[in-house]
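Engineer: Right, I'll just put the structure down here and ask away after.
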């Protein structure tokens, strides 16, 4: 039995809490959150206890794993403290808003010899994962170009945007990870631009809400990523890989697959409304994977090093947009 302490009782913490509580051989033992009412409600729902303090979590020898679903600004400190306490770590993206601090986390994890997996849940989405497996099986030959569309139905609150690190570090971090995972290649050249098209308050907060990124890899492959904080029709999550022998395309998920056809035209459901619905199964599968790998000792699908690599791309994109010039990556 693995006993888990969860940091964060907010939106993503509630998703992870439910999945942890449902796993055989796993006990959600403690919930820690500065919002005491949220921590009590979530702990009570799943038969856990509220942690008396952060220090108490790390001092508790019965806790095997910490799951970090707290705000981004807390991630690196909690990772390094968990490593020092010799506790295994599952942490939501990103590792940190600073590449240097993210690298320090990677060193701390390696030196402690503990497991650390970063929650890039899109690698566990059944549709995306099936495309990756078929790509690796050679169905479309050698991959040459990747196009990623990633559009939210609406922006988060401006107060969140102010402390998010910017759209490249907050939103596109997932797309940068998908790029590396799908193509199995690294970037050597990146160009990014952005605009504020949906809400002037986002610009006032120092960010943009719409971006376009182009990447060239070591092997000369190309990737284009387009994102926006506003898609009126739902949560738009697609990508396609063009290869030497064909194309693999991943479409949106919809609440139902019912199509209505009448004399007035044909209609079907819009995409799922938000990431909590679109990636519901991916969140369950990634936590399951984490504990399976703890048990069998095989490599994790996402590591702290993947978190560092995605952060480097996010920083390069932010620099390119700021300067108006492409960035070369070594």
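Engineer: Answer yes or no: is there a residue in region 253-262 that is under 21 Å from the mean Cα position of the chain (by Cα) and touching a residue at least 24 places away in the same chain (Cβ under 8 Å).
Structural biologist: The answer is yes; a qualifying residue exists.
Engineer: Is it fair to say residue 307 is in the same structural domain as residue 128 (by TED's automatic domain parsing), in contact with a helix residue (DSSP H, G or I) (Cβ under 9 Å, 6 or more places away or on another chain), within 30 Å of residue 83 (Cα to Cα) and at pLDDT 95 or above?
Structural biologist: Yes.
Engineer: OK, next. What number goes with the only condition from (1) surrounded by fewer than 23 Cβ atoms within 10 Å (Cβ to Cβ); (2) within 19 Å of the chain's Cα centre (by Cα); (3) more than 14 Å from residue 227 (Cβ to Cβ) that residue 200 does not pass?
Structural biologist: If we test residue 200 against (1) surrounded by fewer than 23 Cβ atoms within 10 Å (Cβ to Cβ); (2) within 19 Å of the chain's Cα centre (by Cα); (3) more than 14 Å from residue 227 (Cβ to Cβ), just (2) comes out false.
Engineer: Just to be sure I understand, how many residues within region 248-267 are surrounded by 11 or more Cβ atoms within 10 Å (Cβ to Cβ) and closer than 29 Å to residue 135 by Cα?
Structural biologist: Adding up the residues that qualify gives 8.
Engineer: Right, here's the next one. Show me the helices (runs of 4 or more DSSP H) entirely contained within region 21-128 in which 3 or more residues are in contact with a helix residue (DSSP H, G or I) (Cβ under 7 Å, 6 or more places away or on another chain).
Structural biologist: So the answer is 75-84, 99-112.
Engineer: With the requirement that a residue be under 26 Å from residue 278 (Cα atoms) and touching a strand residue (DSSP E or B) at 6+ places or on another chain (Cβ under 6 Å), what does region 28-64 give you?
Structural biologist: Residues satisfying the conditions are 28, 31, 39, 42, 43, 46.
Engineer: Does any residue of region 49-71 turn out to be at pLDDT below 95 and under 18 Å from residue 307 (Cβ atoms)?
Structural biologist: yes
Engineer: Also, I was wondering about something else. Please pick out the residue among 106, 137 that is over 19 Å from residue 218 (Cβ atoms) and crowded, with 16+ Cβ neighbours inside 10 Å.
Structural biologist: On the way: 137 fails: crowded, with 16+ Cβ neighbours inside 10 Å.
Testing whether each residue is over 19 Å from residue 218 (Cβ atoms) and crowded, with 16+ Cβ neighbours inside 10 Å leaves just 106.
The values are calculated or read from the model by the stated rules, or taken from the named source; none is laboratory data. Quick caveat: nothing in here was measured; it's all calculated off a predicted structure. Heads up, the Cβs are rebuilt from the backbone with ideal geometry, glycines too, and the neighbour counts pull from every protein chain shown.
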